[in-house]
1. How many residues does region 55-73 hold that are closer than 19 Å to F145 by Cβ and surrounded by 14 or more Cβ atoms within 10 Å (Cβ to Cβ)?
2. State whether the residues of region 249-269 include one that is exposed (fewer than 15 other Cβ atoms within 10 Å of the Cβ), of a type in the set (S, T, N, Q) and touching a residue at least 24 places away in the same chain (Cβ under 8 Å).
3. Given L199, L232, which one is part of a helix (DSSP H, G or I) and either of a type in the set (S, T, N, Q) or farther than 23 Å from T263 by Cβ (or both)?
4. Could you tell me how many of the residues in region 137-186 are aliphatic (A, V, I, L, M), part of a helix (DSSP H, G or I) and crowded, with 18+ Cβ neighbours inside 10 Å?
5. How many residues does region 273-297 contain that are more than 16 Å from V156 (Cα to Cα) and crowded, with 19+ Cβ neighbours inside 10 Å?
6. Within the set of pairs 6 or more residues apart or between chains, which connect a residue that is of a type in the set (G, A, S) and at pLDDT 95 or above inside region 174-188 to a residue that is in a helix (DSSP H, G or I) and surrounded by 13 or more Cβ atoms within 10 Å (Cβ to Cβ) with Cβ atoms less than 6 Å apart?
7. Can you tell me which condition D268 does not meet? The list is (1) under 30 Å from V156 (Cβ atoms); (2) part of a helix (DSSP H, G or I); (3) of a type in the set (D, E, K, R), and all the others hold.
8. Within region 88-105, how many residues are farther than 19 Å from N127 by Cβ and surrounded by 11 or more Cβ atoms within 10 Å (Cβ to Cβ)?
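The values are calculated or read from the model by the stated rules, or taken from the named source; none is laboratory data. Since the model is a prediction, treat every value here as computed from it, not as a measurement. Ideal geometry is used to build each Cβ from the backbone, glycine not excepted, and the neighbour counts take in all protein chains shown.
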Amino acid sequence: MNVFDKSLSPSAQDPSGNPSREGSSCLGEAPLEHQGFTNRHLLLPIPCCVPPRAMCSGKLQTGLLVAGYFVYLLVGAAVFQALERTAEKQQKMAAAQMKEAFLQNFPHLTVAEMEQFMKNLTEAIQNGVYPVGNESQTENSNWDFSNSFFFAGTVVSTIGYGTLRPKTAGGQIFCVFFALFGIPLNIVFLHRVGKMLSLLCKKLGKFLYEKGMRKKKIKFLTLLFFLVTGILVFLCLPSLFFQITEGWSYSEGIYFAFITLSTIGFGDYVVGKQPGRIYFSYYRTLVAIWILFGLAWIALLFNLLTKVLEDTEKIIVKDLHQIVKVSKDNEESQPRRCWPAHFLPEEEVISPCAGGDAQKMESLAACSEQKKT
């Protein structure tokens, strides 16, 4: 579902035909339609200009939406932390005891006991518990506030890496209701952020138009600004940061960034989960904020690519219809030739049929003989 619907309504006009104040720009200038630069000159979905009072109301609504959205994530992170952290401590203690028992009894373990140990070890790793090193594993929690906030962001954005998930019954039930209301809230939030990004492109286009630049060039430069800035801010620079922090290659950072922002979320690369690496506090919180704003940009990018593909499809279909029409016109313009029956090849002469058809064929043959004589 494309959450970025286009709200490109024309400016209101009074009965005299002159644009009203609703159609003027927010800075008290002439209407954008009279300036010659309108929303239709950009492919991005850009909201129309509004009067100052409506603009202040829109800013207030945006501020309340952003504040409410992050409060929702903070409350969800606190609840997940309270529900899951105790159960995680118990899992880590059990994993440490399992590891100690294995080291003490390793020479005397049977094949069945070894298989059971491997099974328990696999389950511990799947639950985010890595029995590597010493007691430092019990100090670092997968459900501290930073990781819980990151998990809450992946839930409402529907990324779902699968490496961190609630284990308790209370955490699982809360996750259901948290996602039930959080996903629609996330859609509304991304919609509003997308409008803000589009408004930046609109202001850039207006600035370039006032400098005397042509409309086609303005359209190209605004789209170039949108693409280059987004790729740099949401893909290239974060990938370099992940390369330094996570120890990945730069290509792996690009791969992780795109897979995450496109909400594919394979889970093969996840930030803050490399054993033996030390991360600064609230590292995953910053990554979650990057994800939330990056989702808005890539959704606009997908919307732009969808429009380009649809326009290309329309052009191709139109050309095909034109080709078919021209070919039909050429066929109809050519004169049709009727050949007498005695000039047809023998293999094309219809063989006489039985019954009434045979009599008709005989009468036709007799008529043709009379005409010859």
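1. The initial filter retains those residues of region 55-73 that are closer than 19 Å to F145 by Cβ, namely 67, 69-73.
In the following step, the residues that additionally are surrounded by 14 or more Cβ atoms within 10 Å (Cβ to Cβ) were identified as 69-70, 72-73.
Summing the residues that are closer than 19 Å to F145 by Cβ and surrounded by 14 or more Cβ atoms within 10 Å (Cβ to Cβ) in region 55-73 gives 4.
2. no
3. Values: L232 fails: either of a type in the set (S, T, N, Q) or farther than 23 Å from T263 by Cβ (or both).
One residue alone meets the criteria, L199.
4. Let us first name the residues in region 137-186 that are aliphatic (A, V, I, L, M), namely 152, 155-156, 159, 164, 169, 173, 176, 179-180, 183, 185.
Adding the requirement that they be part of a helix (DSSP H, G or I) leaves 152, 155-156, 169, 173, 176, 179-180, 183, 185.
With crowded, with 18+ Cβ neighbours inside 10 Å added as a condition, the list becomes 152, 155-156.
Going through region 137-186 one residue at a time, the tally reaches 3.
5. Summing the residues that are more than 16 Å from V156 (Cα to Cα) and crowded, with 19+ Cβ neighbours inside 10 Å in region 273-297 gives 1.
6. As it stands, the answer is A179/V155; G182/V156, since those pairs meet every condition given.
7. (2)
8. Start the filter on region 88-105 by keeping residues that are farther than 19 Å from N127 by Cβ, which leaves 103-105.
Those still in the list that are surrounded by 11 or more Cβ atoms within 10 Å (Cβ to Cβ) too: 105.
So the count comes out to 1.
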